[in-house]
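Structure first, commentary second.
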Amino acid sequence: MISFYPTVHTGHQPQGEFWNSRVDIPVEVFQRVDLIRSGLVQSGLGAPEAVNESTLNGIRPLVESVHSPDYLSYLETAYGRWVSAGGDPTGVMPFVFTGRKMDGKPESPLALPGYYAFDMGAWILPGTYAAAAASAQTSVHAAEQLCQGHEAAYALCRPPGHHAGVDFYGGYCYLNNAAIAAEYLRSPARGRRFERLAILDIDLHHGNGTQQIFYQRHEVLVVSLHIDPAIEYPFFAGYASEIGSGAGEGFNLNYPLPGGTSDEDYLSVLDKALEQIARYDPEGLVVSLGVDTFAGDPIGKLALTHSAYPRIGQEIAGLHRPTLFVQEGGYALQHLPDLVGSLLASFEQNAKSS
Ligand code: SP5
Ligand code: ZN
């Protein structure tokens, strides 16, 4: 399977994240990229191609079809403005929040993170914007391959994207790589267009950013399997009652899962989700691929075993659609090569043999 990875991402390595009154050791670390790269090779998928861009040059109008220009310029300038205003160089992080209680927009660079961020787990460092841009470029390179006639492609994005919305960040995510790729597929620079698309999000966590971006639209069906937000992050979105609104009503489907969900139970819910996607009959599919559903994941609470991942790849192949896989979460470092590699290899094998 043709695949891509960003080379400019190691300048984004937060030293911590806040959780339950503590600063925890981060799990979204730069080593994930090389580990997954080795997994692709070991699984016989071939080595991914390097993406060296570290700006939005060439894709800015596309990215602005997902994120607001105001938000993009904030991300680009946040670290410098923070430090100039006396912010601690450890990283940009919010400590007073907007939202349901207040919705003014401050000028202070020390307060602005609380306008754009929804949690305290996505710090902004000097290299964060370049890394996020490189990650978005990686997803676009992979999307281009579908437009050129490939049946599948994989973007090894880091940082991940599905928690980032039109003008907000959080959950280790700054730019929504899957949404940007979906917009590319709908109106590519050249090649085949995919006007009706589905996004299937199988990361452990609800993709609240992706949901928000497409919530009022029907041309992109958003389907997500995730741990019940009543008990786990992101807590404030991902409920089954969130079905889309306006023209998008009925085109957002959430499948919350109880803690401890096993392979069999997960796969039967995935079957239902795939049936809904088949009914929608999209021209192409974008998979937000998180493997933090694994039982051994340090922040996960589902109980999938290694053998679930090739089965997930096989079930997705059964849709018979051109498919773009975009990496999201997954933090069990020693298992990452196998989890990602076995899912993609199984997809490829089953897509060919049927
Ligand atoms: C892309 C993605 O998977 N983002 C996930 C963001 C979740 N962040 C909150 C997880 C914090 C878990 N910390 C628990 C530590 C217990 N010692
Ligand atoms: Zn996740």
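What follows draws every value from the coordinates through simple rules; no lab data is involved. Since this is a predicted model, take the numbers as computed values, not measurements. Using ideal geometry, Cβ is built from the backbone for each residue, glycine included, and neighbour counts are taken over all protein chains shown.
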Q) In degrees, nearest 10, range 0 to 90: what is the angle between the Cα axis of helix 336-353 and the longest Cα principal axis of the chain? A) 40
**Q.** Degrees, to the nearest 10: 263-280 long Cα axis against longest axis of the chain
**A.** 90
(Q) Nearest 10 degrees is fine. How inclined is helix 308-317 to the longest principal axis of the chain, computing both from alpha carbons? (A) 70
Q: Round to the nearest 0.05 the FRET efficiency obtained for residue 29 and residue 83 when R0 = 30 Å and r is the Cβ-Cβ distance.
A: 0.80
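To the nearest 0.05, what FRET efficiency results for residue 333 and residue 278 with a Förster distance of 30 Å applied to their C-beta separation? Before the final figure, lay out each step's value.
Details: r = 35 Å, r/R0 = 1.16.
My answer for the efficiency is 0.30.
Kindly rank 128-138, 342-352 from highest to lowest mean number of other beta carbons found within 10 Å of each residue. Spell out each step's value before the answer.
On the way: 128-138: 27.3, 342-352: 20.6.
Ranked from most to least packed, the peptides come out as 128-138, 342-352.
Which semi-axes, in whole Å and largest first, does the equivalent ellipsoid of region 190-329 have when worked out from the alpha carbon gyration tensor as the square roots of 5 times its eigenvalues? Walk me through the numbers before you get to the answer.
Details: eigenvalues 107, 66, 31 Å².
Semi-axes from the Cα gyration tensor: 23, 18, 12 Å.
Shape of region 250-290 from its Cα gyration tensor (a ≥ b ≥ c, root eigenvalues): rounded if a/c is under 1.5, otherwise prolate when a/b > b/c, or oblate? Don't jump to the answer; show the numbers that get you there.
On the way: a/c = 2.00, a/b = 1.89, b/c = 1.06.
Taking the square roots of the gyration eigenvalues as a ≥ b ≥ c, region 250-290 is prolate.
To the nearest 500 deg cm²/dmol, what mean residue ellipticity at 222 nm is calculated for the chain from DSSP H runs of n ≥ 4 alone, each contributing -39,500 (n - 2.57), summed and divided by the residues?
-10500 deg cm²/dmol
Note down, for region 82-190, the three equivalent ellipsoid semi-axes (square root of 5 times each alpha carbon gyration tensor eigenvalue), biggest first, whole angstrom. Before the final figure, lay out the partial values.
On the way: eigenvalues 202, 43, 21 Å².
With the √(5λ) rule applied to region 82-190, the semi-axes are 32, 15, 10 Å.
Given axes a ≥ b ≥ c from the Cα gyration tensor, I'd like to know whether region 109-262 is rounded (a/c under 1.5), prolate (a/b larger than b/c) or oblate. Mind showing how you got there, number by number?
Details: a/c = 1.65, a/b = 1.13, b/c = 1.46.
Oblate is the answer for region 109-262, as a/c is 1.5 or above yet b/c matches or exceeds a/b.
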(Q) Run the reach check for residue 352 against aspartates and glutamates, Cα to Cα strictly under 12 Å, same-chain hits fewer than 8 apart removed. What comes back? (A) 151
(Q) Between region 97-126 and region 166-192, what is the separation of their alpha carbon centroids in Å? (A) 22
(Q) Rounded to two decimals, what is the ratio between the C-alpha radius of gyration of the chain and 2.2 N^0.38 Å? (A) 0.91
Q.
If I model a spin label as a point 7 Å beyond the Cα along the Cα-Cβ vector, how far apart are those points for residue 100 and residue 195 in nm?
A. 4.0
Q | Rounded to whole Hz, the Karplus (6.51, -1.76, 1.60) HN-Hα couplings of region 177-188, x for glycine and proline | A | 4, 5, 5, 5, 5, 4, 5, 4, 4, 6, 8, x
